[in-house]
Amino acid sequence: MSRHGEVTLFQLLTEDDSIEILVQKKFSSELIPTPELRPIYEWAVRQYEQHPHGLAPTFAMFMETELPGHGGKPMGAVLHEYHIPLDYVPDESVEWVIEDLRSQHLRSNIGDILKACVFGVTEVPADEILEPIDALIAGTTKLRENYTSGPEAESMRSYEK
């Protein structure tokens, strides 16, 4: 999978219009592929929501604010370690980022469910062969529920409006 959507998301967090759309669409940090970067997104959203005029955090704020659990490193330095330059303004829109990360998340979850079923089917005796298939059905049902009524669904419904 490409990291382009994830990289672009963080590059857009210093733009007022982009972070406003992310907040309006209720974009969930769970859709960010790299778990270590999710607290940075959550911090940026909090900064935006706490500002009386709804302003995005600045480049300087990212460079000065420490990310807890990273030995005193500022968020900008952590993003740099992940090859995410904050001083670059991407051509892609925030709407493209939302769609890209949402589809990557869905595909990844589907892949995990299918992989577990395939390995499960090959590792169990014949009389237990339906158990991994039942797990596949349960997993896809849960995934469907999440994408039709859970937080991912809210993010998607907001995006589609």
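Of note:
- Test: residue in region 83-94 that is among the charged types (D, E, K, R), under 25 Å from GLU42 (Cα atoms), in a loop (DSSP other than H, G, I, E, B) and in contact (Cβ under 8 Å) with a residue 40 or more places away in the chain: yes
- Search result, residues across region 1-17 that are part of a loop (DSSP other than H, G, I, E, B) and among the hydroxyl-bearing types (Ser, Thr, Tyr): SER2, THR14
- Selection within region 109-139: residues that are under 30 Å from VAL23 (Cβ atoms) and surrounded by 12 or more Cβ atoms within 10 Å (Cβ to Cβ). The member of this set that is nearest to the chain's Cα centre (by Cα) is ASN109.
- Among the criteria (1) closer than 29 Å to GLU36 by Cβ; (2) modelled with pLDDT of 85 or more; (3) not β-branched (Val, Ile, Thr), the one PRO125 does not fulfil is (1).
- Qualifying residue in region 62-78 (condition: modelled with pLDDT of 90 or more, within 24 Å of HIS4 (Cβ to Cβ), more than 21 Å from the chain's Cα centre (by Cα) and hydrophobic (A, V, I, L, M, F, W, C)): yes
Here is a yes/no grid of residues against (1) among the basic types (Lys, Arg); (2) surrounded by 14 or more Cβ atoms within 10 Å (Cβ to Cβ); (3) within 28 Å of TYR147 (Cα to Cα); (4) in contact with a strand residue (DSSP E or B) (Cβ under 6 Å, 6 or more places away or on another chain):
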position: ILE21; (1), (2), (3), (4): no, yes, yes, no
position: HIS53; (1), (2), (3), (4): no, no, no, no
position: PRO68; (1), (2), (3), (4): no, no, no, no
position: GLY72; (1), (2), (3), (4): no, no, no, yes
position: ALA77; (1), (2), (3), (4): no, yes, no, no
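- Residues in region 49-68 that are without any contact (Cβ under 8 Å) to a residue 12 or more places away in the chain and in a loop (DSSP other than H, G, I, E, B): HIS51, PRO52, HIS53.
- GLU20 passes every criterion in (1) closer than 15 Å to GLU99 by Cα; (2) in a helix (DSSP H, G or I) apart from (1).
- Assessment of region 33-47 against the conditions (farther than 30 Å from LEU143 by Cβ, under 18 Å from the mean Cα position of the chain (by Cα) and not in a helix (DSSP H, G or I)) yields no matching residue.
- Looking only at residues in region 114-130 that are in contact with a helix residue (DSSP H, G or I) (Cβ under 9 Å, 6 or more places away or on another chain) and not in a helix (DSSP H, G or I), the one that is farthest from LYS142 (Cα to Cα) is VAL124.
- Of all positions in region 90-99, at least one carries a residue that is over 17 Å from the mean Cα position of the chain (by Cα) and surrounded by fewer than 17 Cβ atoms within 10 Å (Cβ to Cβ).
The values are calculated or read from the model by the stated rules, or taken from the named source; none is laboratory data. Worth saying up front: this structure is predicted, and the values here are computed from it rather than measured. Using ideal geometry, Cβ is built from the backbone for each residue, glycine included, and neighbour counts are taken over all protein chains shown.
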